[in-house]
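The values are calculated or read from the model by the stated rules, or taken from the named source; none is laboratory data. Model, not experiment: these values are computed from the prediction. Note that each Cβ is placed from the backbone with ideal geometry, even for glycine, and that neighbours are counted across all protein chains shown.
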Amino acid sequence: MTVHGSFAAMVLGAMVVAIAPARAESTVPVAVANFDFLDTSGEPVDQSDTHKRRLKALSDFLRDQLAASGKLKLVTLPCEASQCTAADPGFEPLARQAKQAGARFVVIGAVEKTSTLIGWVKYSVLNVDDQRAICGELITYRGDTDESWRRAAKFSAGQIVNRCQFGG
């Protein structure tokens, strides 16, 4: 490597180091509560265990997708391993927990299975200071499979990242 090449490599390395902290600081700290579930399909077969597993997978995948965006820094809620939903303990306690954990926003939501073919995901992103929603949406998805729930989580994450005004 020449002196010029060595100098260029140092400058480039310094630029990467200088840029990296700025990018990390631009990420917005967000907590994601577990989602609630309601089955209004009236199907005779009890699928509670399957839906419980899918609901956990949906919340986990949503967190992974939001973190992978590079725009949001995921903050873990102290209650995340337990119920930790908008219904229990409720959005005010969730907002307090999120704020104490360092988040500026908390994502809450619910999944409802309305039939074998149709379900919906409703989410809101709340500012932890005043518990007001900065955005939210109701999306529908087709199918009651692991893949259909995963697609719903992926779509929801994309909507949150691209449509919510975090004011980062």
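Please indicate, with yes or no, whether at least one residue in segment 52-67 is more than 24 Å from VAL161 (Cα to Cα) and in contact with an Asp or Glu (Cβ under 9 Å, 6 or more places away or on another chain).
Here is the first cut: in segment 52-67, the ones more than 24 Å from VAL161 (Cα to Cα) are 52-53.
Okay, now just the ones that are also in contact with an Asp or Glu (Cβ under 9 Å, 6 or more places away or on another chain), so 53.
Yes; the residues of segment 52-67 include at least one that is more than 24 Å from VAL161 (Cα to Cα) and in contact with an Asp or Glu (Cβ under 9 Å, 6 or more places away or on another chain).
Quick check on my filter: what residues within segment 44-60 are in a helix (DSSP H, G or I) and either under 8 Å from the mean Cα position of the chain (by Cα) or of a type in the set (Asp, Glu) (or both)? Answer for segment 44-60, where residues must be in a helix (DSSP H, G or I) and either under 8 Å from the mean Cα position of the chain (by Cα) or of a type in the set (Asp, Glu) (or both): ASP49, SER59, ASP60.
Taking the numbered list (1) outside any strand (DSSP E or B); (2) modelled with pLDDT of 90 or more; (3) surrounded by fewer than 21 Cβ atoms within 10 Å (Cβ to Cβ); (4) at negative phi in turn, ALA24 passes all entries but (2).
Just to be sure before I move on: is VAL106 touching a Leu at 6+ places or on another chain (Cβ under 9 Å), surrounded by 15 or more Cβ atoms within 10 Å (Cβ to Cβ) and either over 23 Å from VAL28 (Cα atoms) or not charged (D, E, K, R) (or both) in the structure I sent? Show your work before the answer.
On the way: touching a Leu at 6+ places or on another chain (Cβ under 9 Å): yes; surrounded by 15 or more Cβ atoms within 10 Å (Cβ to Cβ): yes; either over 23 Å from VAL28 (Cα atoms) or not charged (D, E, K, R) (or both): yes.
Spelling it out, VAL106 is indeed touching a Leu at 6+ places or on another chain (Cβ under 9 Å), surrounded by 15 or more Cβ atoms within 10 Å (Cβ to Cβ) and either over 23 Å from VAL28 (Cα atoms) or not charged (D, E, K, R) (or both).
Cβ-Cβ contacts under 7 Å between residues 6 or more apart (or on different chains), taken from a first residue in segment 140-168 that is of a type in the set (Phe, Trp, Tyr) to a second residue that is part of a helix (DSSP H, G or I), are listed as TYR141/SER148; TYR141/ARG151; TYR141/ALA152; TRP149/ARG54; TRP149/ALA57; TRP149/LEU58.
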